[in-house]
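Below: one structure, written as structure tokens.
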Amino acid sequence: MLKRALTLLPRAFSSLYSRLLLVMMLAVGGSFFIATTIWIHAIQSDKEADATASVQDLAISMAQTVTYFEGLPKAYQHIIIDQQRNLGGSRYFLSVNQEYVDFEAIPDNPLKQELIKEYQLAFRERVGQRMGQLRVDFAYPDKLRVFNSGVLFSELPSRWVQNNLVLNPPAPVLVAQMQMESGDWLYLASLMLPDPYVVEGIPAFTGDQLAFTLILSLVLILSSWFIVRWLTKPLRRLSKAAMSLGRDIHQVPVPEQGTYEVRETARAFNLMQRRILTFISERDLLFSAISHDLKTPITRLRLRAELLDDEPTRDKINQDLAELEQLVQGALELARGSDLNEPTGRIKLKPMLEAIQEEVAVLQRQVHIEMPYPVFFSGKPMAFKRCLSNLVHNAVFYGSEAWIKVLDEPDSITIIITDNGPGVPESELEHIFDPFVRLEGSRNRHTGGSGLGMTIARNIVHTHGGEIKLRNQPEMGLEVQITVPRE
């Protein structure tokens, strides 16, 4: 299955429509992907810059708070903290503990480490060398301890943390603890604004960005499909007209629409069609004139030959005139056999083969037809019957019987004609379709015709857009295989 898919893949992109659509989709999709990547990178950069500014601001506030608390007597520190908590207007929660408060930090990521580093640098710039130990990290409020007693951040009174407690969903809280000169640890916990979730790591695509990207991609794909279809529609129409022209020259002219190049191509195609029609008309007149002009002197010569007293000479002249007349008639038959003037119609294959079978029965020959059900396809009924009649008569001439097998396939019809004759030498198979070539040495029309039957058959099959192949069947005779498309 995979091998078949890989084989069909190049065929799927062989048309101008598929290739142009692929190029446009790759170009539009690639440019959109690059633009989206740049846009998301810019958003991420802005969020990282905001987060860095936020932690720097918090570091400055803590440095000022440390400086202020170290200037107060130890007995007044808790009074100031209680007043601040009761006012509820601070951006961060403060406490003073005798020991470092351990807590469960969020998982590490590069941005988190960078923010901690920025916080420490900004704090050192304000406090200088006199600072003690400084520990900075991030934690979720529902798992963050704020006192040595084990009280969680989420358990504090809402008025204490009303500006920095986010629990739905829990947002990471920056926690900084510094050991002051007195040995106590100053504890600070606060949200980073405006986006406290950024420290968790910035995803490549958020849900909104992904939805926006998918919707815009769909719009671009549909637009590309519409534009390519609109641009290639005149070419598809021109291609269809070119294929139909080989079967029926009397086609409606192609609309001269589309781009300048397509209009010029359609105009040239219509001009070619008109010239072919003119050529066919002139050719018919030419062959009619040749037939008339040659038959008159041939008849006149035959009448004069009858007046000759020399019987051997008279017979030779009549023989030459008969051969000349046969050559003229054969040329006219060849022209009619490849004629494009017959309109296209529905070919009913079974009645056509049965009619040929009855014709052959008169010659005391048998034709066996194998066709499970009626088969129909589009073509030139009279020309196609002439083709099959030539091939079947050829088969029963070189053999005593002929077998016809019809294969009905989804896209084509295959007709196989086999005889029980001597077959054809392999060296002659490629020349059998040449005009006036006969495998039987006599040129007498009563023993084999003029050698144009196979040529006419091939021309008719090609006119229907099909193929004709010959091969020798072991223990049988010659096999002729005709394959024509349904449409």
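The values are calculated or read from the model by the stated rules, or taken from the named source; none is laboratory data. Please read all numbers here as calculations on a predicted model, not as lab measurements. FYI the Cβ positions are ideal-geometry reconstructions off the backbone, even for glycines, and counts take in every protein chain you see.
Name the residue, out of 53, 49, that is in a helix (DSSP H, G or I) and within 30 Å of residue 183 (Cα to Cα).
Details: 49 fails: within 30 Å of residue 183 (Cα to Cα).
Just one listed residue meets the conditions, 53.
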Can you pull out the residues in the range 123-140 that are free of Cβ contacts under 8 Å to residues at least 40 places away in the same chain, surrounded by 15 or more Cβ atoms within 10 Å (Cβ to Cβ) and either in contact with a Phe, Trp or Tyr (Cβ under 8 Å, 6 or more places away or on another chain) or not aromatic (Phe, Trp, Tyr) (or both)? 137, 139
Cβ-Cβ under 6 Å, sequence separation 6+ or interchain: first residue in the range 169-184 and within 11 Å of residue 138 (Cα to Cα), partner β-branched (Val, Ile, Thr). Which pairs? 172/106; 172/199; 176/136
Name the pairs: first residue in the range 253-267 and closer than 15 Å to residue 240 by Cα and surrounded by 13 or more Cβ atoms within 10 Å (Cβ to Cβ), second residue aromatic (Phe, Trp, Tyr) and modelled with pLDDT of 80 or more, Cβ to Cβ under 9 Å, at least 6 apart or on different chains? 253/269; 254/269
Name every residue in the range 43-55 that is buried (at least 17 other Cβ atoms within 10 Å of the Cβ) and polar (S, T, N, Q), in order of residue number. 52, 54
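Picking from 94, 72, which residue would you name as being assigned by TED's automatic domain parsing to the domain that holds residue 193, at pLDDT below 85, loosely packed, with under 15 Cβ neighbours inside 10 Å and not in a helix (DSSP H, G or I)?
Values: 94 fails: loosely packed, with under 15 Cβ neighbours inside 10 Å.
Just one listed residue meets the conditions, 72.
Based on this model, can you work out whether residue 366 counts as within 30 Å of residue 325 (Cα to Cα), at pLDDT 85 or above, surrounded by fewer than 18 Cβ atoms within 10 Å (Cβ to Cβ) and not β-branched (Val, Ile, Thr)? Working first, answer last.
On the way: within 30 Å of residue 325 (Cα to Cα): no; at pLDDT 85 or above: yes; surrounded by fewer than 18 Cβ atoms within 10 Å (Cβ to Cβ): yes; not β-branched (Val, Ile, Thr): yes.
Spelling it out, it is not the case that residue 366 is within 30 Å of residue 325 (Cα to Cα), at pLDDT 85 or above, surrounded by fewer than 18 Cβ atoms within 10 Å (Cβ to Cβ) and not β-branched (Val, Ile, Thr).
Yes/no per residue for (1) under 60 Å from the mean Cα position of the chain (by Cα); (2) surrounded by 17 or more Cβ atoms within 10 Å (Cβ to Cβ); (3) at pLDDT 80 or above:
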{"residue": "121", "(1), (2), (3)": "yes, no, yes"}
{"residue": "142", "(1), (2), (3)": "yes, no, no"}
{"residue": "157", "(1), (2), (3)": "no, no, no"}
{"residue": "169", "(1), (2), (3)": "yes, no, no"}
{"residue": "173", "(1), (2), (3)": "yes, yes, yes"}
{"residue": "176", "(1), (2), (3)": "yes, yes, yes"}
All positions within the range 338-387 that are of a type in the set (Lys, Arg) and not in a helix (DSSP H, G or I): 346, 348, 365, 380
On the given criteria, is residue 153 modelled with pLDDT under 80 and of a type outside the set (Gly, Ala, Ser)? yes
